[in-house]
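A.B. asks: Below: one structure in structure tokens.
Each value in this text was obtained by applying a stated rule to the coordinates, not by laboratory testing. These figures come from a predicted structure and were not determined experimentally. Here the Cβ positions follow ideal geometry from the backbone for every residue, glycine too, while neighbour counts run over all protein chains shown.
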Amino acid sequence: MDNARRILKRLDELVDCPAEITLYGRAALHLGFPNPLPEHARSLDVDVVLWLGQAEELAAAGNFWDALAQLNREFDVDGLYLSHLFDEDQVVLSPHWRDRRVAIDMPMTHLRIARLADPDLALSKLLRFDPTDLADLLFIVSAGNLSAEVMRLEMDAARIPDIPEIREQFELCRSWLERYYAQSTATREEL
């Protein structure tokens, strides 16, 4: 069983109440696309985005946070974890990200798992200007058939955390993606 499924299956066993989680990052790519790349399955973690107030909802509903702590203790020896849970205002997302999530079909007792929609997954990869995130961005753009125009509109409407470093990284990633689309268009025109 791959790392993401191991982590999510065990969390489902540990929680005592219904819980909805939204994946982003490589676990979302691995579990949410029909033909993920092999490196997506090798990710050691599961990243989750929470809507504002969801952390408190999970705390009030049952043992989610205790179950998560236990999960991380159990998998520490294997270097696996689920500890990157970010509120929506800490991630680059569209204003309507929650309405367009994509369900991930996994047999679970308590967890309902979704992933960010393709445009939001792409936006979430604009947080860091590094080779891994840029490769993931290209995978999402290709697998989701996201055109330059679609991404331009998404980037224009995106909610970007008000943190100077993130805004700087976003602009670097945006410029890189725009160059990628321009080069792709030029290459197609040469054919």
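A.B. asks: So if I place +1 on the C-beta of Lys and Arg and -1 on the C-beta of Asp and Glu, and nothing else carries charge, what would the dipole magnitude of the range 3-190 be about its Cα centre? I want it in debye, nearest 20.
C.D. replies: Approximately 460 debye in magnitude.
A.B. asks: Which order do peptides 117-130, 170-183, 27-40 fall in by mean Cβ count within 10 Å, highest first?
C.D. replies: Ranked by mean Cβ neighbours within 10 Å, highest first: 117-130, 27-40, 170-183.
A.B. asks: Follow-up. I'd like to compare 16-26, 99-109: which one has the highest average count of other Cβ atoms within 10 Å, and what's the full order after that?
C.D. replies: Numbers: 16-26: 19.8, 99-109: 12.9.
Highest-to-lowest ranking by the protection proxy: 16-26, 99-109.
A.B. asks: In addition: What's the extension gain from His84 to Ala41 if we count 0.36 nm per residue and subtract their Cα-Cα distance?
C.D. replies: Numbers: separation 43, 0.36 × 43 = 15.48 nm, distance 1.72 nm.
This chain segment gains 13.8 nm when fully extended.
A.B. asks: Let me ask something else. So, in nm, how far is label Glu56 from label Glu178 when the simple model puts each one 7 Å beyond its Cα toward the Cβ?
C.D. replies: If labels sit at Glu56 and Glu178, their model points lie 3.9 nm apart.
A.B. asks: Also: Once Rh is set to the Kirkwood radius over Cα pairs, what Stokes-Einstein translational diffusion coefficient, in µm²/s, holds for the range 3-190 at a temperature of 25 °C and a viscosity of 0.890 mPa s?
C.D. replies: The estimated diffusion coefficient comes to 142 µm²/s.
A.B. asks: Name the residue from Gly79, Ala69, Ala59 whose Cα lies farthest towards the positive end of the charge dipole of the chain, charges +1 on Cβ of Lys and Arg and -1 on Cβ of Asp and Glu.
C.D. replies: It is Gly79.
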